[in-house]
Amino acid sequence: MGIASGQHGYFTTGQALNSGYSDSLLSHHVKKGFFLRAHRGVYRLRDFPSTPREEVMAAWLAVGAERTAVSHESALDLYGLSDIIPIAINLSVPRAVRNLPKLPGVNIHTTTRTLGPGDVVTRDGLRVTSVARSIADAAEKGTGPE
């Protein structure tokens, strides 16, 4: 599954279906241990090498990649702009999004400020809030300036 290689070995049920895997074939590969379930609807190729911050990719896919951006301290960490090690993965979604999953170690921030094209960039295969937006979001949340 080629798409997984650009996502740290992770893929969604929808991506598997679009790649020609039926539900039963996906289930078969999970039972055989070739695919590992990371979150509901998110799987990982068993033999894919571990990568730094792969858990961010898994959470981002679980919340919904098309509507979600890595944000706050997590985004600053991806940019290498902060010495703070995030205690949780921070993701931002529009406030109108409903039925968000509850994932351990993940803070989902809802925002009324739209995540427009100038607010989001792609970095390491992830949608990430821009540097300026990440700094503003972290400061608004109470992260110290250091």
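Please treat every number below as a calculation from the coordinates, not as lab data. None of these values were measured; they are calculated from a predicted model. Heads up, the Cβs are rebuilt from the backbone with ideal geometry, glycines too, and the neighbour counts pull from every protein chain shown.
Could you please rank ILE108, ILE87, ILE3, placing first whichever residue has the fewest other Cβ atoms within 10 Å of its Cβ?
Values: ILE108 19, ILE87 9, ILE3 14.
So the residues, fewest neighbours to most, are ILE87, ILE3, ILE108.
Which one, [x] 1.20; [y] 1.00; [z] 1.08, gives Cα Rg over 2.2 N^0.38 Å as derived from the coordinates shown?
Label of the calculated value: [z].
Evaluate the distance, in nm, between pseudo-label points positioned 7 Å from the Cα of ARG123 and of LYS102 along their respective Cα→Cβ axes.
The two pseudo-label positions are separated by 3.1 nm.
What's the local net charge at HIS28, with K and R +1, D and E -1, over the other residues with C-beta under 15 Å away?
Details: positive: LYS31, LYS32, ARG37, ARG46; negative: ASP23.
In short, +3.
How about region 29-108: which trypsin sites (Lys or Arg not before Pro) there are in a DSSP loop, with at most 13 other Cβ atoms within 10 Å of their Cβ?
Details: sites: LYS31, LYS32, ARG37, ARG40, ARG44, ARG46, ARG53, ARG67, ARG95, ARG98, LYS102; in loops: ARG40, ARG46, ARG53, ARG67, ARG95, ARG98, LYS102.
Filter output for region 29-108: ARG40, ARG46, ARG95, ARG98, LYS102.
In region 9-146, with Lys and Arg counted as +1 and Asp and Glu as -1 at Cβ, which of these residues, GLY80, SER92, PRO52, has the Cα nearest the positive end of the dipole, that is, farthest along it?
SER92
Nearest 0.05, what FRET efficiency do LEU25 and SER50 give at R0 = 25 Å with Cβ-Cβ as r?
Values: r = 25 Å, r/R0 = 1.02.
Efficiency at R0 = 25 Å is approximately 0.50.
What whole number of Å gives the distance from the Cα centroid of region 68-96 to the Cα centroid of region 112-146?
If you average the Cα positions of each part, the centres end up 7 Å apart.
Please name which of GLY41, ILE3, GLY144 has its Cα lying farthest along the dipole of the chain towards the positive end, using unit charges on Cβ (Lys, Arg +1; Asp, Glu -1) and the Cα centre as origin.
Checked the options; the winner is GLY41.
Would you work out the charge dipole size for the chain about its Cα centre, treating the Cβ of every Lys and Arg as +1 and the Cβ of every Asp and Glu as -1, and quote it to the nearest 20 debye? Walk me through the intermediate numbers first.
Values: 16 positive and 13 negative charges, 131 e Å.
Once rounded to the nearest 20, the dipole reads 640 debye.
Under unit Cβ charges (Lys, Arg +1; Asp, Glu -1), what dipole magnitude, rounded to 20 debye, does region 18-86 have relative to its Cα centre? Working shown, then result.
On the way: 8 positive and 8 negative charges, 96 e Å.
Roughly 460 debye for region 18-86.
Considering only THR114, THR13, THR129, give the residue with the highest GNM mean-square fluctuation for the chain, with springs between Cα atoms whenever their separation is below 10 Å.
So, out of THR114, THR13, THR129, the one fluctuating most is THR114.
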